[in-house]
Amino acid sequence: MTAAMLELTLNGTSRRFSGTSLTLAALIEQLGYTGKRIAVEHNGEIVPRSQYGNILLANGDQLEIVVAVGGG
Amino acid sequence: MDQLRIAGRAYGSRLLVGTGKYRDFDETRMAIEASGAEIVTVAIRRTNIGQDPGQPNLLDAIPPSRYTILPNTAGCYSAEEAVRTLRLARELLDGHALVKLEVLGDSTTLFPNMPETLKAAEVLVKDGFQVMVYCTDDPVQARMLEALGCAAIMPLASLIGSGMGILNPWNLRLIIDNAKVPVIVDAGVGTASDAAIAMELGCDGVLMNSAIAHARNPVLMASAMRKAVEAGRTAFLAGRMPKKHYSADPSSPTSGLIGSRA
């Protein structure tokens, strides 16, 4: 594995990100979700929106990112 | 004024609608407007990572500032999944506590798994959620859900998405007669008369999705459902005449007919 890579599981799929230091807020920005109505679970814990900047992601972290969709 | 009260909040409309199965968000928005519904259900799903994050969002078409958004647990088959989904929904909707719990037990019939539903309801109520719960039309389990503190009991009329109408009106009546919280028929309504019958039985409201979204003209059907729920409710309040199975009773005077002897 090349240096300075971070491997995360996003919505069940493994993905690699460059760098070793990435906050949840930075990840959300990279994904284009900043300001969007989403909710995030980090390693099984709900993360309040106000805490995105304080969560430092580590190798192997599991993230679930959800939105509201049409449903009955 | 006749209002539906759920978890301390009053609503003018007794029709609750889903947002699934529409062609696009424009059709969703127009149908929901025509329905007059104030409570609108949504599902919670993973984002499509890597796809255009700028694509339109359902909550732009159905803004939470205008509607009471009711997140559901459709597709969950265990109490644990359902609770996890609704905790995410609460975060998504800024702490909003009113939710629709459904825990399914069978992928063909989408029949509820009642033991898991009861388990999830207990956890959610303790966690501060106001739980509107999809359930079988079993009066005993409905009473158990009410005892756990659910905000509304939502028995099926027939299978989800079947459009088969109200298959067991007598069970619904037993649930309605026992319940002190609102009873809302959830699932199975096919057309306007089904909604009217549910309301005439004394249901406090009707929740539907497919009956509107799968109509040939969803916006027109939404308006029919609005009228049906209002008509059914008004008829319930008015109190129907007794049924007379063995004798006719003319509406016109029986005396003064021409040619009769005085």
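The values are calculated or read from the model by the stated rules, or taken from the named source; none is laboratory data. What you are looking at is a predicted structure, and each value in this text was computed from that prediction instead of being measured. Cβ atoms come from the backbone with ideal geometry, glycine included; neighbour counts cover every protein chain shown. Please note that ligands, DNA and RNA were not included when accessible areas were found on the heavy atoms of the full protein model with its side chains. Shrake-Rupley method; radii C 1.70, N 1.55, O 1.52, S 1.80 Å.
This table checks each residue for (1) basic (Lys, Arg); (2) more than 13 Å from every other protein chain (Cβ to nearest Cβ); (3) under 30 Å from A:ALA39 (Cα atoms).
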| site | (1), (2), (3) |
| --- | --- |
| B:ASP94 | no, no, yes |
| B:VAL99 | no, no, yes |
| B:PRO112 | no, yes, yes |
| B:PRO115 | no, yes, yes |
| B:VAL123 | no, yes, yes |
| B:ASN171 | no, yes, no |
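Return a yes/no flag: does the range A:15-23 have any residue that is within 23 Å of B:THR85 (Cβ to Cβ) and at pLDDT below 95.
As a first pass, look at the range A:15-23 and keep what is within 23 Å of B:THR85 (Cβ to Cβ): A:15.
From what's left, at pLDDT below 95: A:15.
The answer is yes, given that some residue of the range A:15-23 is within 23 Å of B:THR85 (Cβ to Cβ) and at pLDDT below 95.
Can you tell me which residue is most open to solvent (accessible area, probe 1.4 Å) among those in the range B:34-52 that are more than 7 Å from chain A (Cβ to nearest Cβ) and touching a residue at least 12 places away in the same chain (Cβ under 8 Å)?
Our first condition is that a residue be more than 7 Å from chain A (Cβ to nearest Cβ); within the range B:34-52, this holds for B:34-40, B:48, B:50-52.
With touching a residue at least 12 places away in the same chain (Cβ under 8 Å) added as a condition, the list becomes B:34-40.
Values: B:ALA34: 22, B:SER35: 2, B:GLY36: 23, B:ALA37: 6, B:GLU38: 61, B:ILE39: 4, B:VAL40: 0 Å².
Here the residue is B:GLU38.
Please find, among B:VAL229, B:VAL206, B:VAL185, B:VAL189, the residue that is away from chain A (no Cβ under 14 Å), open to solvent by less than 40 Å² (accessible area, probe 1.4 Å) and not small (Gly, Ala, Ser). Steps first, answer last, please.
Working: B:VAL206 fails: away from chain A (no Cβ under 14 Å); B:VAL185 fails: away from chain A (no Cβ under 14 Å); B:VAL189 fails: away from chain A (no Cβ under 14 Å).
Testing whether each residue is away from chain A (no Cβ under 14 Å), open to solvent by less than 40 Å² (accessible area, probe 1.4 Å) and not small (Gly, Ala, Ser) leaves just B:VAL229.
Every residue in the range B:6-17 that is of a type outside the set (A, V, I, L, M, F, W, C) and either under 14 Å from the mean Cα position of the chain (by Cα) or not in a strand (DSSP E or B) (or both), please.
Here is the first cut: in the range B:6-17, the ones of a type outside the set (A, V, I, L, M, F, W, C) are B:8-9, B:11-14.
B:GLY8, B:TYR11, B:GLY12, B:SER13, B:ARG14, listed by residue number.
When you scan the range B:225-240, how many residues do you find that are within 8 Å of B:MET199 (Cβ to Cβ) and over 15 Å from the mean Cα position of the chain (by Cα)?
Adding up the residues that qualify gives 3.
So B:THR73 clears everything in (1) open to solvent by 20 Å² or more (accessible area, probe 1.4 Å); (2) within 11 Å of chain A (Cβ to nearest Cβ); (3) of a type in the set (S, T, N, Q); (4) in contact with a helix residue (DSSP H, G or I) (Cβ under 8 Å, 6 or more places away or on another chain) except one condition, right? Which one?
Only one criterion in (1) open to solvent by 20 Å² or more (accessible area, probe 1.4 Å); (2) within 11 Å of chain A (Cβ to nearest Cβ); (3) of a type in the set (S, T, N, Q); (4) in contact with a helix residue (DSSP H, G or I) (Cβ under 8 Å, 6 or more places away or on another chain) is unmet by B:THR73, namely (1).
Would you point out the residue of the range B:18-32, among those that are within 8 Å of another protein chain (Cβ to nearest Cβ) and open to solvent by less than 10 Å² (accessible area, probe 1.4 Å), that is farthest from B:LYS227 (Cα to Cα)?
Out of the qualifying residues, it is B:GLY20.
Name the single residue that is farthest from the other protein chains (Cβ to nearest Cβ) among those in the range A:31-63 being open to solvent by 40 Å² or more (accessible area, probe 1.4 Å) and among the charged types (D, E, K, R).
A:GLU45
Taking only pairs six or more apart or across chains, which ones have beta-carbon atoms under 7 Å, a first residue in the range B:135-149 that is within 13 Å of B:LEU101 (Cβ to Cβ), and a second residue that is charged (D, E, K, R)?
B:LEU148/B:GLU122
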